[in-house]
1. Would you please list the contacts, defined by Cβ atoms under 7 Å and residues six or more apart or on different chains, that run from a residue in segment 347-365 that is more than 11 Å from ARG423 (Cβ to Cβ) and at pLDDT below 90 to a residue that is open to solvent by 20 Å² or more (accessible area, probe 1.4 Å) and not in a helix (DSSP H, G or I)?
2. Filter segment 490-511 down to the residues that are part of a loop (DSSP other than H, G, I, E, B) and at pLDDT below 85, then identify the one that is most open to solvent (accessible area, probe 1.4 Å).
3. For segment 499-514, state whether one or more residues are over 30 Å from LEU698 (Cβ atoms) and in contact (Cβ under 8 Å) with a residue 12 or more places away in the chain.
4. Using the structure shown, decide if LEU595 is open to solvent by 10 Å² or more (accessible area, probe 1.4 Å), under 25 Å from VAL310 (Cβ atoms) and hydrophobic (A, V, I, L, M, F, W, C).
5. Would you be able to tell me the number of residues in segment 177-199 that are at pLDDT 85 or above, surrounded by 20 or more Cβ atoms within 10 Å (Cβ to Cβ) and among the small types (Gly, Ala, Ser)?
6. Which condition number in (1) at pLDDT 80 or above; (2) among the aromatic types (Phe, Trp, Tyr); (3) open to solvent by less than 10 Å² (accessible area, probe 1.4 Å) is the one that PHE654 fails?
7. Could you identify the single residue in VAL677, VAL719 that is surrounded by fewer than 21 Cβ atoms within 10 Å (Cβ to Cβ) and modelled with pLDDT of 80 or more?
8. More than 46 Å from the chain's Cα centre (by Cα) and at pLDDT 85 or above - does that describe any residue in segment 397-409?
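The values are calculated or read from the model by the stated rules, or taken from the named source; none is laboratory data. Everything quoted here is computed from the prediction, not taken from an experiment. Here the Cβ positions follow ideal geometry from the backbone for every residue, glycine too, while neighbour counts run over all protein chains shown. With ligands, DNA and RNA removed, areas are computed over all heavy atoms of the protein, side chains included. Shrake-Rupley method; radii C 1.70, N 1.55, O 1.52, S 1.80 Å.
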Amino acid sequence: MTFSSYTTKKINQIFLEFETSKNGLDEKESFLRQKKYKRNEIVTKKIHWRQILFRQFKSPFVYLLIFASLLAFILKDNINGVMILIFVLITAGLGFFQEYRSEQALRFLKQYIISRAKVVREGKEKLIDSRDLVCGDIVVIEAGDIIPADLRFFEEENLIVDEEALSGESAPVKKSCQEQEKAAEEIYQAQNIGFCGTKAVGGFAKGVVLATGLMTVFGRTAKLTIETRHISTFEKEIIKFSKFILRLILITLILVFFTNLLIKGQEANFVELLIFAIALAVSVIPEALPLVTTVSLSKGAMHLAKKHVVIKRLSAIEDLGSIGVLCTDKTGTLTENILSVDQIYASAPKECLFYAALAFSFLSGRRREPNNAFDLALYEKLTKEEKNKLNEYQRLKEIPFDPEKKRNAVLVERNNQKEIIVRGAPEVILDLCEIPKEEKNKFLNLAAKEGKEGKRSIAIAKKEIENEQILKENGEGLVFLGLITFFDPLKKSARQAISSAKKLGVKIKILTGDSREVAGAVAVRLGLIKDQNKVISGGELDKLPILKQHQVVNDWAVFSRLSPIQKYKIIKILQEKNEVGFLGEGINDAPALKLANVAMVVQGGADIAQEASDIVLLKKNLNVIIQAIRDGREVFTNTIKYIKATLISNFGNFYAIAFASLLIAFLPMLPLQILLVNLLSDFPMIAIATDLVDERELKKPKNYNVKEVILIATILGLVSVIFDFIVFALFYQKGAAILQTNWFIVSILTELVLIFSVRSRFIFFRGKRPSFSLSLLSIAAFLATLIIPFTLFGQEIFKFIKPQPFHLLIILLLIAVYFICTEIVKLIYYRIFNKVSVSRS
């Protein structure tokens with residue numbers, strides 16, 4: 001069902017189509033329809049927690065880690081085996097927690113479908129379970145009710161509905177029961193339709209049910225939200241990375257194993273070679289990667305928690321670093337979502353304000369409090385004395401606001417003096433007043449000028465009468481009192497947040513359900529656009545050719561009157577070239593939030609929006625998003641440091657040892673020695689998560705460039721291979737134990753100094769100083785590497801011999817030269833790489 005066609009139909013046509021009447025359905029017919037149609041609820045395929053848990057282990061990287069753990073246990077290296085399993089369980093646990101929470105979004109959706117609804121059955125009003133509503137039912141709506149299904153109104157008395165959560169319209173809207181001349185294409189245009197999940201804030205109405213459950217506008221939005229499966233950028237890139245490593249390891253080990261057998265023939269020890277190959281495989285797997293990223297992400301989450309930001313999906317912190325476009329809703333995120341009186345253009349401003357307040361619709365009801373944004377703004381502007389004075393007036397009659405005539409009128413009496421007060425659109429009210437043409441044009445121009453600035457205007461007029469006549473169809477003789485304008489103020493933090501985001505290379509786009517004028521005015525005030533007309537509506541965007549749509553979405557910054565589907569569509573187009581973050585708060589934002597690479601919600605937003613999000617801002621300060629993006633880039637940078645360092649050193653040693661095994665009769669390093677190298681070198685690597693990051697690394701969005709990582713790892717890996725062969729050439733003739741011991745020391749020390757080289761793109765002394773944790777753990781690993789070969793434990797378990805002082809001196813000199821060489825190669829590489837990147841861009 002689409003609501004559009006029902007906005008122009010006469011109510012009798014609709015009754016005929018749904019075989020119903022004002023008296024409603026009879027119980028037998030409603031029972032038959034319940035059996036024929038689905039219940040009025042949102043039902044999606046349930047996913048058991050076991051399925052979610054199983055999904056966490058369906059990753060090539062997890063396969064690698066489990067394989068490495070089993071091999072470590074086979075080699076009786078229980079410490080390494082247990083550590084790898086812990087890493088796997090941490091990763092799987094985090095993933096399970098995130099996905100399980102995501103699947104609970106359905107629970108929050110259901111609370112928007114109320115449990116009871118008032119219907120007319122066989123001419124009598126009765127309360128039923130809202131799940132039992134069927135198409136053709138007649139539903140009664142009163143102030144405070146949440147509308148339980150999509151309805152077409154056929155009777156109403158001053159019904160005001162808050163549709164912000166669904167449409168993005170910041171002000172409550174007046175509903176009508178009259179058919180429209182033109183079919184409504186968007187939610188905000190449908191004046192005679194009540195949408196499921198929206199709330200009546202004033203008045204009374206009756207409507208016929210057009211759609212229930214997943215067939216409602218809300219239901220389709222919910223279905224899109226629940227069924228959107230989001231895979232984080234971090235997750236996708238880790239899968240690519242692990243697949244690459246897996247292929248490389250398998251191909252190399254097969255070649256090394258069989259080449260050894262071919263070269264050495266009958267002298268080859270099959271079992272020893274197999275264990276050696278297995279140890280090499282374990283050594284090259286970066287098993288500490290899950291722990292490094294977990295520590296980095298946890299550090300970022302704790303830092304943001306102090307700023308009142310809740311991180312629901314840990315990997316979202318790293319994804320933040322990749323954001324190139326930040327899309328945000330306007331209402332409640334950039335603006336306060338509270339209308340305030342801006343200007344009163346009148347000869348007697350206080351009188352104008354007071355009479356505007358006298359036209360409050362809520363004064364005639366039981367609750368004598370404002371029930372819409374305009375009334376609330378006016379009420380807040382009154383003094384205490386003026387509020388008390390309102391109660392001295394008696395309301396005799398009222399004409400509720402008419403969307404067609406764009407005005408409302410009230411008849412009030414005080415001290416036997418009767419007055420009619422009319423409030424509405426300036427062009428309508430001015431036509432009813434006795435006012436000079438020049439004066440009229442002056443106020444019309446004022447209203448037009450304020451409208452272009454995104455402000456809303458109402459005009460107020462009055463007339464004293466002697467009897468209880470009410471304002472005629474073409475009212476005349478009104479006295480014009482003035483013009484009042486309203487605006488939704490910007491959040492104090494919004495302008496600074498937008499400016500800071502731009503400095504970080506993040507494009508900002510406003511996606512809102514509000515009007516073109518309001519959206520444009522906000523964007524201009526924020527400094528996002530210069531021309532207020534540079535705004536496109538969702539309807540206009542849909543009418544463009546596909547290629548033009550993609551161009552506009554990427555080039556324009558402000559989009560107005562967007563439906564949930566249109567927001568979703570814009571995010572999808574942007575994701576073709578960018579990582580996209582989205583900040584919203586309403587039901588209408590939920591599908592886009594679920595699709596975005598990073599979903600952010602302001603506290604107080606709809607529960608379904610909060611559940612679809614990755615990050616919740618407990619305080620409405622948008623500057624924390626910028627801090628979160630900075631934190632994300634720091635986490636990303638530190639993760640890449642680990643990947644580069646471990647690839648360079650592991651693959652350097654991997655190929656050098658593998659090739660060396662073909663040249664000599666003994667193994668260049670024993671399996672247990674290889675595993676010890678792996679353990680000691682990974683020990684300080686964990687501290688990379690706490691490392692400080694150069695400011696220059698934070699200026700652009702961060703993206704995993706697997707090719708770039710592999711390229712620099714290959715280049716610097718060759719440097720490591722060269723130095724490994726220097727060690728091999730120096731010591732292989734001195735016996736197996738001397739070569740194995742010295743190569744063990746060199747392997748760890750080169751990896752330790754490599755960390756301090758690759759941690760910055762700049763020359764060592766120009767980068768930020770290393771973190772205390774990284775320095776401390778590196779020193780500890782350095783000392784342990786030198787001490788272990790001297791101990792009885794190292795000599796008996798790992799078959800080391802006591803290193804000779806002269807050999808140690810040669811090793812330390814080699815390490816110093818190695819560090820200098822890696823710095824030189826690194827600087828040359830980044831100078832060339834940066835030039836290539838600039839020329840491509």
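1. Pairs found: PHE362/ARG368; PHE362/GLU369; PHE362/PRO370; PHE362/ASN371; LEU363/ARG395; SER364/ARG395; SER364/GLU398.
2. LYS492
3. Yes - at least one qualifying residue is present in segment 499-514.
4. yes
5. Number satisfying all stated conditions: 2.
6. (1)
7. None of the others qualify; the one that does is VAL719.
8. There is no residue in segment 397-409 that is more than 46 Å from the chain's Cα centre (by Cα) and at pLDDT 85 or above.
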